[in-house]
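Peer 1: I have a structure here, written as structure tokens, and I will follow up with some questions on it.
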Amino acid sequence: MNNLIDILMNPEFVISMLAAIAVFATVVTLVSPMFSGNKFAGRLKSVANRREQLRKQSRAAMEKKQANIRGEAKGFMTDVVGKLNLQKLLEDSGLHTKLMQAGLRGQRPVMMFYFLRMVMPILLFSGGLAYLFFLNDMGKPPMIRLAYALGLAVAGYYAPAIYLSNVAAKRRESIMRAFPDALDLLLICVEAGMSIEAAFQKVAAEVGTNSIELAEEMSLTTAELSYLGERRQAYENLALRTNHPGVKAVATSLIQAERYGTPLGASLRVMAKENRDMRMAQAEKKAASLPAKLTVPMIIFFLPVLFVVILGPAIIRFQSMG
């Protein structure tokens with residue numbers, strides 16, 4: 001046991017393990033895109049399932065119609081969440097909205113979220129106690145080490161929500177990269193005489209290669225336009241799932257066009273121009289912040305090399321003269 005602790009506390013062993021983890025993460029990052037495959041077909045299949053679900057809801061005249069698929073979740077996590085009543089104990093009022101924005105539908109992600117919210121604090125707290133009290137006390141008093149372990153437990157409680165927010169942010173970014181081009185295509189389809197449902201479906205098929213997420217959302221909106229009782233609800237659901245000001249503005253324009261009979265082409269043309277301007281403004285903002293972000297890397301990596309190149313010959317000549 002003492003030999004194991006000495007090995008774990010050896011700085012060379014810790015550095016070697018960190019280097020191995022960094023190399024493994026780099027290899028996984030480079031290789032994973034080769035095995036990711038095409039997710040477009042799977043996403044469209046889930047949208048088709050949602051279309052069928054909406055059709056059944058419409059035929060049955062259900063009072064409550066939502067945008068998420070209501071499949072029955074089964075398994076160990078569901079049993080644990082149900083028996084411990086975690087949905088009430090760890091209730092998160094905006095969870096369904098966050099899951100929709102992250103592209104996760106159904107009851108299984110809900111059960112997984114509440115299960116991880118219960119398990120993660122316990123695991124991190126136990127691991128922190130084991131490390132701080134048995135492997136490395138860090139020279140701190142017991143109360144300080146206990147406070148560190150409690151901090152890990154708190155971090156574990158909020159970790160699922162933080163991960164969900166990051167997934168939703170990446171999904172929103174992917175949608176907004178292709179959304180201005182999708183609006184241009186939607187404008188062309190509408191002015192060519194296509195209905196808004198057919199235009200959404202056509203654009204979804206075209207933008208799938210650029211953004212699977214946007215194709216999924218537009219296909220889902222097509223299904224909701226066909227089967228929901230109010231078309232306004234389909235546009236509001238689109239804005240809620242994307243959670244972006246540009247999409248919300250487009251949804252509001254489409255709702256007004258449906259309600260007041262205003263020309264849809266004119267509204268889409270204005271919205272397309274605004275979204276292109278918004279994308280250009282974001283690109284200019286990133287370009288303006290680039291010099292500040294490059295300052296630290298240039299100081300760390302470029303200046304030492306520059307000093308070596310400039311002073312190296314002089315130092316070599318000085319040593320040869322001596």
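The values are calculated or read from the model by the stated rules, or taken from the named source; none is laboratory data. In this text, all values refer to a predicted model and were calculated from it rather than measured experimentally. Here the Cβ positions follow ideal geometry from the backbone for every residue, glycine too, while neighbour counts run over all protein chains shown. These accessible areas exclude ligands, DNA and RNA; they are computed on the full protein's heavy atoms, side chains included. Shrake-Rupley method; radii C 1.70, N 1.55, O 1.52, S 1.80 Å.
Peer 1: Looking only at region 251-274, which residues are in contact with an Asp or Glu (Cβ under 9 Å, 6 or more places away or on another chain) and in contact (Cβ under 8 Å) with a residue 40 or more places away in the chain?
Peer 2: Correct list: 264, 265, 268, 269, 272.
Peer 1: Would you point out which residue out of 278, 298 is touching a residue at least 24 places away in the same chain (Cβ under 8 Å) and of a type in the set (A, V, I, L, M, F, W, C)?
Peer 2: Working: 298 fails: touching a residue at least 24 places away in the same chain (Cβ under 8 Å).
Step by step, each of 278, 298 is checked, and only 278 is touching a residue at least 24 places away in the same chain (Cβ under 8 Å) and of a type in the set (A, V, I, L, M, F, W, C).
Peer 1: Mind telling me which of the residues 270, 250, 309, 305 ends up being of a type in the set (A, V, I, L, M), open to solvent by 70 Å² or more (accessible area, probe 1.4 Å) and closer than 20 Å to residue 194 by Cβ? Spell out the reasoning first.
Peer 2: Working: 250 fails: open to solvent by 70 Å² or more (accessible area, probe 1.4 Å); 309 fails: closer than 20 Å to residue 194 by Cβ; 305 fails: closer than 20 Å to residue 194 by Cβ.
270 is the lone residue from the list that is of a type in the set (A, V, I, L, M), open to solvent by 70 Å² or more (accessible area, probe 1.4 Å) and closer than 20 Å to residue 194 by Cβ.
Peer 1: Any chance you could count how many residues in region 153-171 are open to solvent by 70 Å² or more (accessible area, probe 1.4 Å) and of a type in the set (A, V, I, L, M, F, W, C)?
Peer 2: 2
Peer 1: Also: Restricting the search to region 223-243, which residues are open to solvent by 10 Å² or more (accessible area, probe 1.4 Å) and of a type in the set (S, T, N, Q)?
Peer 2: Within region 223-243, 226, 233, 237, 243 meet the criteria.
Peer 1: Another question about this same structure. Among the residues of region 172-204, what is the count of those that are surrounded by fewer than 16 Cβ atoms within 10 Å (Cβ to Cβ) and in contact with a Gly (Cβ under 7 Å, 6 or more places away or on another chain)?
Peer 2: 1
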